[in-house]
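Please treat every number below as a calculation from the coordinates, not as lab data. These figures come from a predicted structure and were not determined experimentally.
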Amino acid sequence: MPPKPQAPVFAYERRAAAVLPRREFYLRLMRHVAIAMALLMVSLAIGIAGYEHFEHLEWHDAFENACMLLGGMGPVNNPATNAGKLFAGFYALYAGLVFLVVASIILAPVLHRMLHLFHADEHDK
């Protein structure tokens, strides 16, 4: 008998399927959080490197600016060089998108579970 094909790691259960057990839901949520954190760390490294290179900021000031932009707050130090201004503008646009993507990645399993519970019938239990 051939082995049963495995579902993809991030496959969500269908509407007619039973609600995912709590332990498996928490594992799914932790996988999503890990992916979101990895994206944030890569984005933070890009921001730190850019601020250090284009604005000649110390690593801790570059870290602060990158964190503030990724958190949706805005930069602390105003850029002084033309290259720094261009980097800061593009990084701010990028950081705004990353903020939305990270929130979506983390909220996706929670919202899916809520909708799945809302549509669950008595015979699904």
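Per q in 0.18, 0.25 1/Å, what log10 I(q)/I(0) does a Debye calculation on the alpha-carbon atoms of segment 21-63 return? Treating every Cα as an identical point scatterer, log10 I(q)/I(0) equals -0.57, -0.76. Run the helix sum for the chain: -39,500 (n - 2.57) per DSSP H stretch of 4+ residues, divided by residue count, reported at 222 nm to the nearest 500 deg cm²/dmol. Dividing the helical sum by the residues of the chain leaves -24000 deg cm²/dmol.
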